[in-house]
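K.L.:
To start, I am sharing the structure in question, which I have written as structure tokens.
The values are calculated or read from the model by the stated rules, or taken from the named source; none is laboratory data. No experiment lies behind these values; they were computed from the predicted model shown. All Cβ positions, glycine included, derive from the backbone under ideal geometry; neighbour counts span all protein chains shown. Areas reflect the complete protein model, heavy atoms only, side chains present, ligands, DNA and RNA absent. Shrake-Rupley method; radii C 1.70, N 1.55, O 1.52, S 1.80 Å.
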Amino acid sequence: MSDFFTKELLYRLGSVIVFVPLVILPLIYNNYFSVIVFLFITSIICLEINQMKNKNRSYLIFNLYLAFTVLSFFLFLFLLITEIVSLLFILATIATIWLFDTFSYIGGKIIGGAKLMPKISSGKTVSGFITGVFVTVLIIQLLFNYLEIDYKFSIYYTIFIITLSFVGDTIVSMLKRYASIKDSGKIMPGHGGLLDRFDSFIIVFLILGISSL
């Protein structure tokens, strides 16, 4: 338990205090202001991917991921501006991604135990993964079923988003391992780069965007 209260946790909390309003407030305030903010975020992530690419001689895999990243953010902004899906749907999807990431980290730190994918990501544990899935499904269902929110997130859809989130995080972990680096950048203390924070977001909205066209 003492391993949980570390400098890394304080860095993560500080980054979240800055990061969450940066993402959420533009979405609530104005769609077109959100476009400006997310284009700025996309440009930084693309820069981080290019820096990763420059650390490795094989560019193809990083160029492909760069293309998928740009397409994902384009589709996200398209969904936002056209309002094909509601803002509540988008916010709930983002909340699902963040809850899973957060409680996977907390569960892994507190419970510990066997590593989930030691050759890809040494920080992921089986206990963290199970905790992340269970707590995320529980919180999302409580929010939508007991706070009188008309729009419902089914358990199956929540698990689908969690699955995509996990895949997105794993892909970036593999890319970082391929590039022999721990973090994609240093812009967010405790998290690394923006890519480290948006890795799950990218694959989730890539799939959702394509399925909504």
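K.L.:
Take the residues of the stretch 59-79 that are crowded, with 16+ Cβ neighbours inside 10 Å and of a type in the set (S, T, N, Q): which is nearest to ASP169 (Cα to Cα)?
P.N.:
Restricting to residues being crowded, with 16+ Cβ neighbours inside 10 Å and of a type in the set (S, T, N, Q), the top hit is THR69.
K.L.:
Within the stretch 101-112, does at least one residue satisfy the condition of being farther than 29 Å from THR125 by Cα, assigned to a helix (DSSP H, G or I) and among the hydrophobic types (A, V, I, L, M, F, W, C)? Let's see the steps before the verdict.
P.N.:
Residues of the stretch 101-112 that are farther than 29 Å from THR125 by Cα, as a first pass: none.
No - not one qualifying residue is present in the stretch 101-112.
K.L.:
Here's a follow-up. Counting only residues that are polar (S, T, N, Q) and surrounded by fewer than 14 Cβ atoms within 10 Å (Cβ to Cβ), which one in the stretch 134-158 is modelled with the highest pLDDT?
P.N.:
Result: SER154.
K.L.:
Is it true that some residue in the stretch 159-167 is open to solvent by 40 Å² or more (accessible area, probe 1.4 Å) and either more than 27 Å from ALA67 (Cα to Cα) or assigned to a loop (DSSP other than H, G, I, E, B) (or both)?
P.N.:
No, that holds for no residue.
K.L.:
Same structure again: Tell me which residues, restricted to the stretch 24-46, are surrounded by fewer than 15 Cβ atoms within 10 Å (Cβ to Cβ), hydroxyl-bearing (Ser, Thr, Tyr) and either touching a Cys at 6+ places or on another chain (Cβ under 6 Å) or within 17 Å of THR82 (Cβ to Cβ) (or both).
P.N.:
Scanning the stretch 24-46 gives a single hit, TYR32.
K.L.:
Of the numbered conditions (1) open to solvent by less than 30 Å² (accessible area, probe 1.4 Å); (2) more than 19 Å from the chain's Cα centre (by Cα), ILE49 fails exactly one; give the number of that condition.
P.N.:
(2)
K.L.:
Okay, moving on. Which of the residues spanning the stretch 80-122 are open to solvent by less than 30 Å² (accessible area, probe 1.4 Å) and in contact with a Gly (Cβ under 6 Å, 6 or more places away or on another chain)?
P.N.:
Residues satisfying the conditions are PHE100, SER104, GLY107, GLY108.
K.L.:
Please specify each residue of the stretch 1-27 satisfying the condition of being at pLDDT 90 or above, hydrophobic (A, V, I, L, M, F, W, C) and farther than 20 Å from PHE103 by Cβ.
P.N.:
LEU25, LEU27
K.L.:
Of the conditions (1) at pLDDT below 85; (2) part of a loop (DSSP other than H, G, I, E, B), ILE84 fails just one. Which one is it?
P.N.:
The failed condition is (1).
K.L.:
Output the residues belonging to the stretch 186-198 that are open to solvent by 10 Å² or more (accessible area, probe 1.4 Å) and at negative phi. First the steps, then the outcome.
P.N.:
Narrowing the stretch 186-198 to residues open to solvent by 10 Å² or more (accessible area, probe 1.4 Å): 186-191, 194, 196-197.
LYS186, ILE187, MET188, PRO189, HIS191, LEU194, ASP196, ARG197 - these are the residues of the stretch 186-198 that are open to solvent by 10 Å² or more (accessible area, probe 1.4 Å) and at negative phi.
K.L.:
Out of (1) over 14 Å from the mean Cα position of the chain (by Cα); (2) more than 23 Å from VAL18 (Cβ to Cβ); (3) open to solvent by 40 Å² or more (accessible area, probe 1.4 Å), what's the single condition that is false for THR131?
P.N.:
Every condition holds for THR131 apart from (3).
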